[in-house]
Amino acid sequence: MSGVKFRVAICGGGIGGLCLAVALSRHPNIKVEVYEAAARFKEIGAGVMIWSRTWEILAHLGLDSNFAEIAHAIPDGSDGVGFDYRKSDQPMEGHRFYLFHRPYGCIRFHRAHFLDVFVDALPDGVAHFGKRLLSYTQNNLHGPLELQFSDNTTARCDILVGCDGIKSIVRKQMLEEKAAKTGQGELLHHIDPVWTGTVIYRGLIPVDRLNNRDGLEHRTAETPMMYCGKSKHVVSYSISRRSIVNVVACTSHPELEGTVACDEPWVVECTQKELLDCYDGWEPEVVDMLKCIEKPTRWVIHHLRPLPTYVSNKVALLGDAAHAMSPHQGAGAGQAIEDAFILAHLLGHQATSLATLPQALLAYEHVRLPLGNHVLRGSYESGVMYEFNGPQTDELQVLGPAIGRQWNWLNETTPVGEAERAVRWLVESLQAAVVEER
Ligand SMILES: Cc1cc2nc3c(=O)[nH]c(=O)nc-3n(C[C@H](O)[C@H](O)[C@H](O)COP(=O)(O)OP(=O)(O)OC[C@H]3O[C@@H](n4cnc5c(N)ncnc54)[C@H](O)[C@@H]3O)c2cc1C
């Protein structure tokens with residue numbers, strides 16, 4: 001332990017937890033442990049896309065060439081299509097109503113490959129499997145935390161980061177304790193995720209299969225597509241050097257947002273007929289594509305009511321534990337990576353010591369909570385707009401630019417700029433505390 005300034009326990013080894021562990025492992029004076037409930041690191045689902053601001057972080061971590069090897073194509077910064085928005089809920093051929101493009105376009109991956117890059121970058125001895133966190137205790141505000149796991153073991157740390165996903169146990173305990181301590185009962189409304197009103201069907205299609213149907217290349221082999229219609233939309237894009245197409249077909253009941261969906265598991269297998277019936281009467285380009293998905297899975301999509309806080313003393317929430325969101329801006333993983341980057345930057349800074357950890361976490365919250373919650377709300381609103389249920393309804397000439405404005409957050413700041421802002425806030429708050437003490 002000599003030379004170690006504090007010990008960080010990361011609960012959960014998904015994209016967020018692993019990115020944090022890798023970023024922290026660059027600071028030799030911080031001891032990092034990852035406690036993962038499962039027997040190994042794994043991702044479910046198929047594709048994942050990121051935007052240029054996440055790429056900036058991966059480059060900062062020195063992992064850009066590793067991620068470039070597994071991307072849909074080598075990212076070179078040139079302008080690319082983010083999404084090609086098309087009206088598709090009619091039997092005749094649809095038409096584009098908006099083209100969203102930006103530097104790098106959207107950078108796409110197979111999820112399993114994406115996680116593996118972080119796993120490979122993790123130093124030996126950091127990961128502990130079969131460690132499902134049940135609770136944590138802190139008897140003294142300035143002392144260490146004790147973690148209790150379901151295998152009857154315990155561990156100690158100086159700071160706990162809950163990276164344990166949408167059903168986070170860390171979020172539950174943190175908000176319950178805060179509510180009891182402050183009398184803010186409304187905090188309890190943010191513990192359980194709520195249904196977005198949307199159900200999605202997912203599937204993967206080998207590109208050869210898709211293209212061979214009429215001898216022509218399907219549009220989505222090259223271009224990330226957003227096929228839009230009333231209360232439904234279909235997203236598709238190629239991954240794995242354009243050899244596979246990832247399809248996400250959404251169907252919504254916006255009036256049910258905020259309710260509890262049903263007792264059935266969030267992810268189940270379903271029949272191809274159910275999927276095809278849902279998009280009956282859509283343009284041939286969509287129906288032909290969906291016919292290639294033999295075994296779709298059906299997902300009930302939940303999100304969080306935006307949290308009023310991400311931290312409490314020496315406990316912090318990160319990724320889906322803090323801001324689980326609907327997938328309509330392809331941003332949940334990117335936002336988890338951004339949390340990890342900024343938290344690691346703060347913890348590694350010389351101003352952060354065992355004594356100043358709570359202030360460092362407040363600096364993290366100061367910078368991350370507004371954007372995390374903004375993207376959470378914006379992702380939901382965007383999905384509503386793609387399905388002609390927003391204020392613009394299906395007035396496509398106004399809808400297209402309005403959808404474009406939903407993406408402004410991608411350009412308004414940069415992760416490096418945000419990390420510097422967080423450190424400035426920390427240093428200034430520590431200086432203000434010294435002045436107050438005098
Ligand atoms: C259909 C769909 C498509 C999406 N597409 C995109 C996209 O294109 N781009 C994008 O950026 N985002 C996308 N997202 C969102 C993205 O998948 C998530 O935001 C991201 O994976 C969250 O990562 P995480 O590490 O915070 O949580 P998770 O990936 O949920 O990881 C949590 C980890 O914690 C572990 N764990 C849970 N409880 C405990 C416990 N008590 N003790 C110990 N370990 C525990 C779990 O086993 C798991 O390994 C999509 C989401 C969906 C549903």
Expressed in angstrom, Rg and Dmax over the Cα atoms of segment 137-186 are 12.2, 33
Using a probe radius of 1.4 Å on heavy atoms only, what accessible surface per residue do you get for segment 226-283? Whole Å² is fine. 45
Asserting the computed 222 nm helical MRE of the chain (DSSP H runs at least 4 long, -39500 (n - 2.57) per run, divided by residue count, to nearest 500) equals -11500 deg cm²/dmol
Listed residue pairs exceeding 21 Å between alpha carbons, taken from Lys167/Lys232; Lys31/Lys314; Lys42/Lys131: Lys167/Lys232
Take peptides 146-155, 198-207 and line them up by average Cβ neighbours within 10 Å, highest first, as a rough protection proxy. 198-207, 146-155
Top of Leu63, Leu357, Leu141 by mean-square fluctuation, Gaussian network on the chain, Cα under 10 Å: Leu141
Taking a temperature of 4 °C and a viscosity of 1.567 mPa s, what whole-number D in µm²/s does Stokes-Einstein yield for segment 292-438 with Rh from Kirkwood over alpha carbon pairs? 75
Using alpha-carbon positions, what is the distance between the centroids of segment 83-108 and segment 212-248, in Å? 10
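Only Cα pairs under 8 Å and at least 6 apart count here; give the relative contact order of segment 1-102 as a rounded whole percent.
Over segment 1-102, the number comes to 18 percent.
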Rounded, prolate or oblate, given the Cα gyration tensor of segment 172-212, with a/c below 1.5 counting as rounded? prolate
List the lysines whose Cα sits under 23 Å from the Cα of Lys230, skipping any in the same chain fewer than 8 residues away. Lys87, Lys273, Lys291
Mean Cα-pair separation over length for the chain, i.e. relative contact order, pairs under 8 Å, 6 or more apart, %: 19
Dipole magnitude of the chain about its Cα centre, charges +1 at Lys/Arg Cβ and -1 at Asp/Glu Cβ only, in debye to the nearest 20? 780
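What GluC sites (Glu not before Pro) does segment 171-224 have in DSSP loop regions with at most 14 other beta carbons within 10 Å?
Loop-located and lightly packed - Glu217.
If packing is taken as the average count of other Cβ atoms within 10 Å, what order do 417-429, 301-313, 269-281 fall into, highest mean first?
301-313, 417-429, 269-281
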Along each of the three principal axes of the Cα atoms of segment 108-225, give the extent in whole Å, ordering the values from largest to smallest. 69, 41, 23
Long-range share for the chain, i.e. C-alpha pairs more than 27 Å apart as a percent of all pairs, stands at 53
Please list Thr251, Thr196 from largest to smallest accessible area, probe radius 1.4 Å, with all protein chains kept in place. Thr251, Thr196
Which of the DSSP-defined H helices in the chain satisfy a minimum axial length of 27 Å, computed from C-alpha atoms, and a minimum mean Kyte-Doolittle hydropathy of -1.0? 357-386, 415-437
Would you mind classifying segment 10-63 by shape? Square roots of the alpha carbon gyration tensor eigenvalues, ordered a ≥ b ≥ c; an a/c under 1.5 is rounded, otherwise it is prolate if a/b is larger than b/c and oblate if not. oblate
DSSP-defined antiparallel bridges as percent of all bridges, the chain, nearest 5: 75
Kirkwood hydrodynamic radius of segment 392-438, Cα pairs, Å: 14.0
For segment 194-304, compute the orientation-averaged projected area of the C-alpha convex hull (one quarter of its surface), in nm². 7.3
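For segment 288-335, which semi-axes, largest first and in whole Å, follow from the square roots of 5 times the eigenvalues of its Cα gyration tensor?
They are 33, 10, 9 Å, listed from largest to smallest.
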Could you give log10 I(q)/I(0) at q = 0.28, 0.29 Å⁻¹ for segment 206-271, computed by the Debye formula over C-alpha point scatterers of equal weight, without solvent? -1.20, -1.23
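Would you mind estimating how fast segment 1-135 diffuses translationally, via Stokes-Einstein at 37 °C and 0.692 mPa s with the Kirkwood radius over Cα pairs, in µm²/s?
Answer from the Stokes-Einstein relation: 191 µm²/s.
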Counting every Cα pair in segment 255-366, what percent are over 17 Å apart? 69
For segment 35-102, what does the alpha-carbon gyration tensor say about shape, rounded, prolate or oblate, given a ≥ b ≥ c as the root eigenvalues, a/c under 1.5 as rounded, and a/b over b/c as prolate? oblate
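The values are calculated or read from the model by the stated rules, or taken from the named source; none is laboratory data. None of the values given here were measured: they were computed from a predicted structure. Heads up, the Cβs are rebuilt from the backbone with ideal geometry, glycines too, and the neighbour counts pull from every protein chain shown. Note: areas computed on protein heavy atoms with side chains; ligands, DNA, RNA excluded. Shrake-Rupley method; radii C 1.70, N 1.55, O 1.52, S 1.80 Å.
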